[in-house]
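Only one structure is covered here, and it is reproduced in the block below.
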Amino acid sequence: MINLVVIKMSQWKLLVLLSLLTISQCNSEIPSFLKICHRSDLHLNECVKHSVEAIKPHLRVGIKELNIPSCEPLKISKINISQSSPTIAVKFVSTNILIKGGTHFVLKKVNIDFDKNQIELKIFFPRLSMTSDYDINGRIMMIPIRGQGQSQGNFSEINADIMIQGERYENNIDKKIYFRIKDVLTYFDVGHANMSLDNSFNRDKTLALGMNTFLRDNWKTVAVDMKPAIGNSIADLVKKYTEEIFSKYPLDLLLPL
């Protein structure tokens, strides 16, 4: 009876060991479209650039293996904009934001600094279109503004600089070195923008026309006010999606020596 129990315990340990090995092997399987680059490669930055280019077609429909949903359209839950000046005092809240064209980006530059655990990206977006629900409250030139509805925007020639600061750490489970994101800084410049709000100012067509004329003539000012909110949203998305890759695979597997 004792021998039987010992045998069963041994079988159980063997089963657990095989299960752990299976899980480990599954976690180490990198999708074929992820190009492996070596840290010792003199052209590492170019290699990583080609790797990102290889991922681009998959971002449109999403990458199930990396828990990355479809990025076309890109979904942002909320953006708050507040502007106050002698002539303009407006609070603008956008929700249910959909951005199209994000997967057509051009990666212009990649710079990886392993000593500082930094990744620098320069990205160009030829064109982005955005729709959202909006709620606006305030005044423009002493005229009260209050309305809700849908907004549309078209943006072109966007240059974005993204700096990713990370750190290496030892995973408590497999004792391997991984990379995680600590902070993401973004800066972007918009070449041109065209924004409009639908006719929802209590059906006041004159007010709606005046608001859209203001947006058309002052798009640069509005775009500047939108930068911090959109920049933070972009930073959150970059951090979320890069974490899905870095947390899944050890650093020596993603970027071997």
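The values are calculated or read from the model by the stated rules, or taken from the named source; none is laboratory data. Keep in mind the model is a prediction, meaning the values are calculated, not measured. Note that each Cβ is placed from the backbone with ideal geometry, even for glycine, and that neighbours are counted across all protein chains shown.
Find all pairs meeting these conditions: Cβ atoms under 6 angstrom apart; at least six residues apart or on different chains; first residue within region 191-219 and over 13 Å from Gly153 (Cα atoms) and part of a helix (DSSP H, G or I); second residue at pLDDT 80 or above and not polar (S, T, N, Q).
Listed pairs, sorted by first residue: Met211/Leu197.
Let me confirm something: among Ile173, Ile181, which residue is at pLDDT below 95, more than 30 Å from Asn137 (Cα to Cα) and surrounded by 13 or more Cβ atoms within 10 Å (Cβ to Cβ)?
Working: Ile173 fails: surrounded by 13 or more Cβ atoms within 10 Å (Cβ to Cβ).
Matching residue, one of Ile173, Ile181: Ile181.
Could you check how many residues of region 52-97 are over 13 Å from the mean Cα position of the chain (by Cα), over 16 Å from Phe33 (Cα atoms) and assigned to a strand (DSSP E or B)?
So the count comes out to 17.
For residues in region 109-145 being more than 27 Å from Asp189 (Cβ to Cβ) and among the charged types (D, E, K, R), which is surrounded by the fewest Cβ atoms within 10 Å (Cβ to Cβ)?
Let us first name the residues in region 109-145 that are more than 27 Å from Asp189 (Cβ to Cβ), namely 114-115, 135, 137, 139, 141-145.
Among the residues that remain, those that are also among the charged types (D, E, K, R) are: 115, 135, 139.
Numbers: Asp115: 5, Asp135: 14, Arg139: 13.
Going through the qualifying residues, I end up with Asp115.
Are any of the residues in region 237-244 assigned to a helix (DSSP H, G or I) and touching a helix residue (DSSP H, G or I) at 6+ places or on another chain (Cβ under 6 Å)?
Applying the first criterion (assigned to a helix (DSSP H, G or I)) to region 237-244 yields 237-244.
Imposing the further condition that a residue be touching a helix residue (DSSP H, G or I) at 6+ places or on another chain (Cβ under 6 Å) reduces the set to 244.
Yes, there is a match, as at least one residue in region 237-244 is assigned to a helix (DSSP H, G or I) and touching a helix residue (DSSP H, G or I) at 6+ places or on another chain (Cβ under 6 Å).
Within region 98-114, how many residues turn out to be touching a residue at least 12 places away in the same chain (Cβ under 8 Å), part of a strand (DSSP E or B) and either more than 16 Å from the chain's Cα centre (by Cα) or farther than 22 Å from Ser32 by Cα (or both)? It would help to see each step written out before you state the result.
Of all residues in region 98-114, those touching a residue at least 12 places away in the same chain (Cβ under 8 Å) come to 98-112, 114.
Okay, now just the ones that are also part of a strand (DSSP E or B), so 98-100, 106-112.
Adding the requirement that they be either more than 16 Å from the chain's Cα centre (by Cα) or farther than 22 Å from Ser32 by Cα (or both) leaves 98-100, 108-112.
So the count comes out to 8.
Whether any residue in region 52-71 is in contact with a Cys (Cβ under 6 Å, 6 or more places away or on another chain) and either surrounded by 16 or more Cβ atoms within 10 Å (Cβ to Cβ) or under 16 Å from Glu244 (Cβ atoms) (or both) is what I want to check. Spell out the reasoning first.
Restricting attention to region 52-71, the residues satisfying the condition of being in contact with a Cys (Cβ under 6 Å, 6 or more places away or on another chain) are 59.
From what is left, the residues that are either surrounded by 16 or more Cβ atoms within 10 Å (Cβ to Cβ) or under 16 Å from Glu244 (Cβ atoms) (or both) are 59.
Yes, some residue in region 52-71 is in contact with a Cys (Cβ under 6 Å, 6 or more places away or on another chain) and either surrounded by 16 or more Cβ atoms within 10 Å (Cβ to Cβ) or under 16 Å from Glu244 (Cβ atoms) (or both).
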